[in-house]
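Here's the structure we're looking at; comments come further down.
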Amino acid sequence: MTALPDRANEPLVLAVPKGRILDELRPVMRHAGIEPEPAFDDPRHRGLRFRTNHPGIEIIRVRSFDVATFVAFGAAHLGVAGNDVLMEFDYPEVYAPLDLNIGACRLAVAEPVELYQQDDPTRWSHIRVATKYPEITRRHFAARGVQAECIKLNGAMELAPSLGLCRRIVDLVSTGSTLEANGLREIEHIAHVTSRLIVNRAALKTRPEEIGRWVGQFREAVNAA
């Protein structure tokens, strides 16, 4: 995995996530001095790459789980990714110099209410879990000697217990309302999650002044919030 070819006249590429996190990110970007072209906010526009008010930086809009991959493999110089994604993939090529303090939620283990009422996590030795985060889940439980059998799902995690796929899930939780609506309760906390500004390490070495300047401007934007 390497950075993009070092062409000084080419714009830097910033990868941003689609969805809720992007809504929280926009004011931070604005404070950092980055405004995307009008097409970025046009729901009819299907493009994924956008110019900005700076000729030296462009934006790509991708799935939140893919941001770190674009940065790690050098398709983007910078990006915004949750530390849940960084923990799951653990790319050595990715440097995360700044917590943006947005997208706050938690990664947690949840189970049906009727199980929760009589369960004791300290007695677990083997569990089957549905999750989007098999690596984090295995590491979390292995640290205390629990064997975790992970069933990889990319969505609709809350359905797994009611349909008999497994008794527990590991998923992101914000308000807890989705869990409650599906008869689930949090039984164990794994990690606090926020979104981070991330950088391709090789690109930082080849274009340190440009990337360092943008990291500084994002830091100022976070401190001003």
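Each residue in segment 67-97 was checked for being surrounded by fewer than 18 Cβ atoms within 10 Å (Cβ to Cβ), without any contact (Cβ under 8 Å) to a residue 60 or more places away in the chain and out of contact with any helix residue (DSSP H, G or I) (no Cβ under 9 Å at 6 or more places or on another chain), and 0 pass. Checking each residue of segment 99-114 against the condition of being in a helix (DSSP H, G or I) and either touching a Ser or Thr at 6+ places or on another chain (Cβ under 9 Å) or surrounded by fewer than 15 Cβ atoms within 10 Å (Cβ to Cβ) (or both) gives at least one match. Among the residues of segment 5-23, is there at least one that is touching a residue at least 40 places away in the same chain (Cβ under 8 Å), in contact with a Pro (Cβ under 7 Å, 6 or more places away or on another chain), surrounded by 16 or more Cβ atoms within 10 Å (Cβ to Cβ) and within 24 Å of PRO208 (Cβ to Cβ)? Within segment 5-23, one or more residues are touching a residue at least 40 places away in the same chain (Cβ under 8 Å), in contact with a Pro (Cβ under 7 Å, 6 or more places away or on another chain), surrounded by 16 or more Cβ atoms within 10 Å (Cβ to Cβ) and within 24 Å of PRO208 (Cβ to Cβ). Against the test of being modelled with pLDDT of 95 or more and assigned by TED's automatic domain parsing to the domain that holds ALA160, the options GLU220, GLU186 yield a single qualifying residue, GLU186. Candidates in segment 121-145 are the residues that are more than 22 Å from the chain's Cα centre (by Cα) and farther than 19 Å from ARG185 by Cβ; of these, the one that is surrounded by the most Cβ atoms within 10 Å (Cβ to Cβ) is ALA142.
For segment 128-220, give me every one of the helices (runs of 4 or more DSSP H) that falls completely inside it and has 1 or more residues that are under 24 Å from GLU24 (Cα atoms) and in contact (Cβ under 8 Å) with a residue 40 or more places away in the chain. Of the helices (runs of 4 or more DSSP H) lying wholly inside segment 128-220, those with at least 1 residues that are under 24 Å from GLU24 (Cα atoms) and in contact (Cβ under 8 Å) with a residue 40 or more places away in the chain span 177-181. As a summary of the residue check, GLN118 satisfies the conditions (1) polar (S, T, N, Q); (2) buried (at least 21 other Cβ atoms within 10 Å of the Cβ); (3) farther than 21 Å from ALA191 by Cα except for the one numbered (2). From the list ARG167, ARG196, ARG185, the one residue that fits, being closer than 27 Å to THR137 by Cβ and buried (at least 20 other Cβ atoms within 10 Å of the Cβ), is ARG196.
The values are calculated or read from the model by the stated rules, or taken from the named source; none is laboratory data. Note that the coordinates shown come from a computational prediction; the quantities given were computed from them, not determined experimentally. Neighbour counts run over all protein chains shown; Cβ positions are idealised from the backbone, glycine included.
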